[in-house]
Amino acid sequence: MSEVTDSGFLCRLDDLAEGEARGFDVPGLRAKVIVVRRGGGVHGWRDLCPHYAGGTPMAWKRDAYLNGARTHLACHAHGAWFEIETGVCVQGPCLGKRLTRVPLRLDDKGGIHLERPPKGREI
Amino acid sequence: MQIIGPDLLIFGVDDVPACHEFLTAYGLETTDYTPEKGGTFLALDGTGLVIRARNDPSLPPALKTGSTLRLQVLGVVDEDALNAVEAELSRDRQVLRLADGSLRTQDDQGFELAFRVTTRKPLDLPGEKVNAPYAPARAANALGVTQDMPAKPRTLSHLVLFVPDIEGAVGFYRDRLGFRITDTLTGAGPFLRPQANADHHTHFFIRTPPYMQGIEHLAFHLGGPTELMLAGSRMMEQGYESFWGPGRHKFGSNWFWYFKSPLACNVEFDADMDTHDDDWAPREAPMGPEASQAFLLQWRAKWAPGGGPGGPGGPKD
Ligand code: FES
Ligand SMILES: [Fe+2]
């Protein structure tokens, strides 16, 4: 289980292969943060599908966030597809809605951090 | 119309090996499987799922929405029942009789349908037995649970579809195919039971905009709530992700536990659903958390009190 410390450190860039996604439990957040590495960029998204109010987690198995072709983030409850770079849903029940971005910070040693680690507890 | 319910559901998916992994963990038996072609995944009575790659040319065309469900194969009791379906549906649409004797057509919203004389094999397996005070159902020395007891899907129970036109769906399944409406969740839609099946529902429809048309979930029946809890816990322990449950629905009384899946729909474990006959008076309730379940629980890893003093509030805290 990936646990996150107060500094907001998630993982090292080296730990995340190109085209790979992982989910991180962040103390204080009620749903995971998804980190995806693609095309030289690293993107952070809340693991909350916008199909239903409040959002629901999207993987079918731990860290299984991508569609088969690994071109999109997917919610495996009803097959919604989201663009990795923009978070916009391009197919499925939440068409046109988008995921919530989580700003990330890369340090000079290749560490990926939350730009703003949560202070309190999200409800 | 002597329809029993879904014998097979046929899918065109993006990731065949992922579906194989998931459905194996879920407890279905794999036959004729290759990572390229897909395969058939069966419950104990021979009902089940067929998984193919999305672009497999043997599949019926996909809905414009991209839903992975490509065909429902509905089982009927005998050849007479098949002829009755053919006669009724041929009145206003093309119904093909295929070489294997099955029928192929579409419902009013473009969902592909096949009908065949059912191939399900009735099971000779006891259901879960509960010992209540003064009313024990198990023999002396018969155990209620063991860690490694089987908890396999026994039969394909039901599917739930997102449909843009509920009235059209009811018009087709009730008025043309003779399904009974058992109950309705207003704001969502009706539960339907075919005449040759006493189960509370084999189909449930949820009203949605047209771009959502497709499958919402499918479910297999297990032998009882203990099997359901064991099967779901085994999934959780292996890192599969629950969507909803465990809990117990009100309409149908069925225990439920839904898991997200690479089939791009939820796949549910179900147990102890009510059965009905034509004396049943349908109920109605507004869709929402209250009407959806009698109770809802959340899984956690095994835990037990113990380990001695030293917890929060203890001397070291
Ligand atoms: S909950 Fe994500 S697509 Fe329905
Ligand atoms: Fe269900």
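The conditions are (1) open to solvent by 10 Å² or more (accessible area, probe 1.4 Å); (2) on the phi < 0 side of the Ramachandran plot; (3) in contact with an Asp or Glu (Cβ under 6 Å, 6 or more places away or on another chain), and B:Lys260 fails exactly one of them. Which is it?
All conditions pass for B:Lys260, except number (1).
Take B:Ser67 and decide whether it is of a type in the set (S, T, N, Q), within 30 Å of A:Leu95 (Cα to Cα) and either part of a strand (DSSP E or B) or open to solvent by less than 20 Å² (accessible area, probe 1.4 Å) (or both).
On the way: of a type in the set (S, T, N, Q): yes; within 30 Å of A:Leu95 (Cα to Cα): yes; either part of a strand (DSSP E or B) or open to solvent by less than 20 Å² (accessible area, probe 1.4 Å) (or both): yes.
Yes; evaluated as a whole, the condition is true for this residue.
Six or more apart or on different chains, Cβ atoms under 7 Å: show the pairs whose first residue is in the stretch B:224-240 and more than 14 Å from chain A (Cβ to nearest Cβ) and in contact (Cβ under 8 Å) with a residue 40 or more places away in the chain and whose second is of a type in the set (A, V, I, L, M) and open to solvent by 30 Å² or more (accessible area, probe 1.4 Å).
Correct list of pairs: B:Thr226/B:Val145; B:Leu230/B:Met149.
Residue-wise test of (1) surrounded by fewer than 16 Cβ atoms within 10 Å (Cβ to Cβ); (2) out of contact with any helix residue (DSSP H, G or I) (no Cβ under 7 Å at 6 or more places or on another chain); (3) within 14 Å of chain A (Cβ to nearest Cβ).
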site: B:Leu82; (1), (2), (3): no, yes, no
site: B:Ala114; (1), (2), (3): no, yes, no
site: B:Val117; (1), (2), (3): no, no, no
site: B:Gly127; (1), (2), (3): yes, yes, no
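Can you name every residue in the stretch B:150-184 that is more than 22 Å from the chain's Cα centre (by Cα) and either within 16 Å of ligand 2 (Cβ to nearest atom) or open to solvent by 40 Å² or more (accessible area, probe 1.4 Å) (or both)?
B:Glu167, B:Asp175
Being among the small types (Gly, Ala, Ser), surrounded by 20 or more Cβ atoms within 10 Å (Cβ to Cβ), within 16 Å of ligand 1 (Cβ to nearest atom) and under 20 Å from A:Arg98 (Cβ atoms) narrows it down to one residue among A:Ala31, A:Ala21; which is it?
A:Ala21
Condition first: in a strand (DSSP E or B) and either open to solvent by 20 Å² or more (accessible area, probe 1.4 Å) or more than 15 Å from ligand 2 (Cβ to nearest atom) (or both). Now tell me which residues in the stretch B:217-228 satisfy that.
The answer is B:His221, and nothing else.
Give me a count of the residues in the stretch B:207-221 that are more than 8 Å from chain A (Cβ to nearest Cβ) and out of contact with any strand residue (DSSP E or B) (no Cβ under 8 Å at 6 or more places or on another chain).
Residues meeting the conditions: 2.
Could you list, ordered by first residue, the pairs with Cβ atoms under 8 Å in which the first is in the stretch A:74-85 and facing chain B (nearest Cβ under 7 Å) and the second is part of a strand (DSSP E or B) and modelled with pLDDT under 95, at least 6 apart or interchain?
Filtered contacts from the stretch A:74-85: A:Gly79/A:Gln91.
Yes or no: A:Lys61 closer than 18 Å to A:Glu115 by Cβ and within 16 Å of ligand 1 (Cβ to nearest atom)?
Spelling it out, it is not the case that A:Lys61 is closer than 18 Å to A:Glu115 by Cβ and within 16 Å of ligand 1 (Cβ to nearest atom).
Only one of (1) open to solvent by less than 80 Å² (accessible area, probe 1.4 Å); (2) within 16 Å of ligand 2 (Cβ to nearest atom) is not met by B:Ala304, so which one is it?
Result: B:Ala304 passes all but (2).
Assess whether A:His113 counts as being within 8 Å of another protein chain (Cβ to nearest Cβ) and surrounded by 18 or more Cβ atoms within 10 Å (Cβ to Cβ).
No.
Let me spell it out: the conditions are (1) within 16 Å of ligand 1 (Cβ to nearest atom); (2) touching a residue at least 40 places away in the same chain (Cβ under 8 Å); (3) out of contact with any Asp or Glu (no Cβ under 7 Å at 6 or more places or on another chain), and B:Pro289 meets all of them except one. Which number is the exception?
(2)
Would you check which residues across the stretch A:64-106 are assigned to a loop (DSSP other than H, G, I, E, B) and open to solvent by 40 Å² or more (accessible area, probe 1.4 Å) and list them?
Across the stretch A:64-106, the qualifying residues are A:Ala69, A:Arg70, A:Thr71, A:Glu85, A:Thr86, A:Leu95, A:Gly96, A:Lys97, A:Thr100, A:Pro103.
Out of all the residues in the stretch B:1-37, which are within 12 Å of another protein chain (Cβ to nearest Cβ) and open to solvent by less than 20 Å² (accessible area, probe 1.4 Å)?
The answer is B:Phe11, B:Gly12, B:Val13, B:Val16, B:Ala18, B:Cys19, B:Phe22, B:Leu23, B:Tyr26.
Can you tell me which condition B:Gly187 does not meet? The list is (1) modelled with pLDDT of 95 or more; (2) among the small types (Gly, Ala, Ser); (3) open to solvent by 50 Å² or more (accessible area, probe 1.4 Å), and all the others hold.
B:Gly187 satisfies every listed condition except (1).
Could you check the stretch A:42-63 and list, in sequence order, the residues that are in a strand (DSSP E or B), of a type outside the set (Lys, Arg) and facing chain B (nearest Cβ under 10 Å)? Talk me through it step by step, then tell me what you get.
Here is the first cut: in the stretch A:42-63, the residues in a strand (DSSP E or B) are A:42-46, A:49, A:56, A:61.
From what is left, the residues that are of a type outside the set (Lys, Arg) are A:42-45, A:49, A:56.
Hits for the stretch A:42-63 are A:Cys49, A:Thr56.
Say we look at the stretch B:253-301 and pick out the residues that are within 27 Å of B:His20 (Cβ to Cβ) and more than 16 Å from ligand 2 (Cβ to nearest atom); which of these is farthest from the other protein chains (Cβ to nearest Cβ)?
Only one residue tops the list, namely B:Trp299.
The values are calculated or read from the model by the stated rules, or taken from the named source; none is laboratory data. As the structure is a prediction and not an experimental result, all values here were calculated from the model. FYI the Cβ positions are ideal-geometry reconstructions off the backbone, even for glycines, and counts take in every protein chain you see. All accessible areas refer to the heavy atoms of the entire protein, side chains included, with ligands and DNA or RNA removed. Shrake-Rupley method; radii C 1.70, N 1.55, O 1.52, S 1.80 Å.
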